[in-house]
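Down below is the structure, laid out as structure tokens.
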Amino acid sequence: ANGVPLGQDFNLTLRARAGGMLLLLLVLLAGMPGRTSADFCCKKISWTSDWCQQSDCLGKGCANGVPLACSDITNCICADLVSFNTKAFCTVLQSCSQAKTDLAYAEKMVQLYSQSQPSAACVTALKQVICAYHFPLCTNDDKEFTQICYDSCAAMHASCNNVTLPYFASIGSRCNFLSVYSAGAPVSQQAYITANSQCTAVGKSVLAGCFSVDGSVLRQVEEAAEGAGSEGVRAERIRIKDVKPGDRILSHDNRRNKTRFARVVFVFEHETARQTSIVTARTSQGQALQLQLSRKHVLPVLASSGNVTTPDVKHMFADELKEGDVVCISPVASKSELRTLRVDLTTPLHACQHTAKIVTVQNRTQRVKYVVADSDYLYVDEVFVTTYSSSAGPLETIPFRLLDWLSPDILQHASVQHALGIVLESPLLESFEDAINGLRIEEYVHSFISSLSALLHANGQDSKSLG
């Protein structure tokens with residue numbers, strides 16, 4: 001009656017219902033408050049000089065409306081490591097003091113048992129365990145995760161000559177380590193997942209697949225004209241901070257081996273600064289490029305056996321990169337100083353046609369932004385990167401693009417953004433990501449995603465694919 005073929009009408013109805021169900025779920029999530037009104041202590045600590053003047057401040061040191069100078073907590077050894085909700089919000093002065101005392105004692109214990117000064121790596125690992133010990137993650141005043149995650153305890157054990165928590169803490173069983181670890185024996189996958197779940201780990205980003213807000217991308221500013229040829233499409237360079245849904249940013253179509261502009265479907269800027277890797281690479285012509293991204297961001301690296309004609313590419317986390325590794329770069333990287341330029345979208349070009357060799361990798365704390373586009377591969381700071389934050393690979397971004405495919409603009413709905421914000425800021429998400437990263441399942445995921453993407457392309461969804 002309405003002139004729509006039966007099969008098409010069914011597909012449209014199915015998509016609408018699925019989109020409606022997903023929207024309803026997200027709206028319900030959005031209606032769930034991050035904490036109840038009864039949660040007085042399970043909050044994020046404000047590591048600022050005026051922390052005691054804030055209206056919700058509770059516990060020792062709070063000014064309670066009196067114009068007094070706050071005790072300095074900016075130099076607390078855990079200030080740069082704790083960015084999640086913790087009941088230590090109400091005991092921040094005591095917790096910082098105890099953490100400092102415990103660190104000094106732990107360093108002495110390491111020196112006693114190893115007969116040498118603790119290394120820098122050991123001190124870092126000690127800080128992470130001690131801060132997780134004194135600032136446990138919470139979801140409300142009645143639920144906190146006092147166990148310390150396996151990865152943190154294992155790092156301390158490996159870096160500090162086999163020292164474990166009982167050496168210097170009164171409640172040593174709070175480390176998810178001794179019951180799992182066995183010298184010389186591999187840790188089972190199930191035990192690893194369990195020991196990294198429902199626990200506290202500090203010093204990591206929650207959703208790790210993010211770019212520094214100071215990074216840059218090329219945004220399309222005009223439609224590709226028919227027969228434009230190698231003259232290219234005009235684009236402008238913008239900061240990651242300014243990227244918004246609907247923008248088309250420089251990407252690469254791996255199936256067609258061509259450069260293209262991918263549509264941004266979702267962005268999220270985290271409230272607090274996160275640990276990032278600053279990767280400096282140099283081209284064969286001597287041009288220096290600097291990529292800024294979160295430490296667990298995944299990016300393709302050219303294997304030593306590969307070349308630009310038949311590249312052998314492996315995926316690595318940013319914090320695994322080292323001097324000498326070779327990354328793939330944009331075909332217009334040589335014009336990185338230009339604010340506006342034209343990009344050729346017609347010439348066949350492999351993503352690793354142009355490369356640069358890593359010179360240094362440094363760590364820094366920065367504001368970061370999560371960006372999802374209709375392609376999982378982007379050129380950021382002229383370097384070819386993925387949008388993944390774990391070895392789950394494309395499974396991570398498919399929910400966003402599936403929502404966008406089912407109901408365009410749904411991700412811009414205020415309730416949906418609020419719900420997603422709660423999830424993306426949740427420290428519990430990190431435990432799941434750590435477990436996935438421990439399994440390194442990307443090789444099993446990519447074949448499944450490729451098949452799914454091919455199916456969607458076959459159904460005429462090429463312009464809004466999931467691959």
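Annotations for the structure displayed:
Condition check ((1) surrounded by fewer than 14 Cβ atoms within 10 Å (Cβ to Cβ); (2) in contact with a Lys or Arg (Cβ under 7 Å, 6 or more places away or on another chain); (3) modelled with pLDDT under 85; (4) within 24 Å of Arg364 (Cβ to Cβ)) across all residues:
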site	(1), (2), (3), (4)
Thr164	no, no, yes, no
Tyr181	no, no, yes, no
Gln189	yes, no, yes, no
Ala195	no, no, yes, no
Cys210	no, yes, yes, yes
Arg234	no, yes, no, no
Ile238	no, yes, no, yes
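- When Thr86, Thr91 are checked against the criterion of being touching a Gly at 6+ places or on another chain (Cβ under 6 Å), on the phi < 0 side of the Ramachandran plot and hydroxyl-bearing (Ser, Thr, Tyr), Thr91 stands alone in meeting it.
- Residue match in region 343-363 (condition: part of a helix (DSSP H, G or I), at negative phi and buried (at least 16 other Cβ atoms within 10 Å of the Cβ)): no
Matching residues to (1) in contact with a strand residue (DSSP E or B) (Cβ under 7 Å, 6 or more places away or on another chain); (2) in a helix (DSSP H, G or I); (3) buried (at least 22 other Cβ atoms within 10 Å of the Cβ):
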{"site": "Asp72", "(1), (2), (3)": "no, no, no"}
{"site": "Ile77", "(1), (2), (3)": "no, no, no"}
{"site": "Val82", "(1), (2), (3)": "no, no, yes"}
{"site": "Thr91", "(1), (2), (3)": "no, yes, no"}
{"site": "Leu103", "(1), (2), (3)": "no, yes, no"}
{"site": "Gln111", "(1), (2), (3)": "no, yes, no"}
{"site": "Ala125", "(1), (2), (3)": "no, yes, yes"}
{"site": "Ala132", "(1), (2), (3)": "yes, yes, yes"}
{"site": "Glu144", "(1), (2), (3)": "yes, no, no"}
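- Test set (1) modelled with pLDDT of 85 or more; (2) farther than 18 Å from Val221 by Cα; (3) assigned to a helix (DSSP H, G or I) - Asp319 fails condition number: (1)
- Among the candidates Val385, Val327, residue that is crowded, with 23+ Cβ neighbours inside 10 Å and within 30 Å of Glu223 (Cβ to Cβ): Val385
To keep it simple, each residue is scored yes or no on (1) outside the structural domain of Asn162 (by the TED database); (2) of a type in the set (A, V, I, L, M); (3) at pLDDT below 90; (4) under 24 Å from His157 (Cα atoms).
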site	(1), (2), (3), (4)
Gly31	yes, no, yes, no
Asp39	yes, no, yes, no
Lys44	yes, no, yes, no
Gln54	yes, no, yes, no
Asp72	no, no, no, no
Ile77	no, yes, no, yes
Phe89	no, no, no, no
Leu103	no, yes, no, yes
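- Within region 285-302, the set of residues being at pLDDT 90 or above and part of a loop (DSSP other than H, G, I, E, B) comprises Gln285, Gly286, Gln287.
- The residue that is surrounded by the fewest Cβ atoms within 10 Å (Cβ to Cβ), counting only those in region 396-414 that are farther than 16 Å from Asp376 by Cβ and more than 21 Å from the chain's Cα centre (by Cα), is Ala414.
- Test result for Glu107, in the same structural domain as Cys175 (by the TED database) and over 30 Å from the mean Cα position of the chain (by Cα): yes
The values are calculated or read from the model by the stated rules, or taken from the named source; none is laboratory data. Bear in mind that the values here come from a model prediction, so they are computed numbers and not experimental data. Don't worry about glycine lacking a Cβ; one is built from the backbone with ideal geometry, like all the others, and counts go over all protein chains shown.
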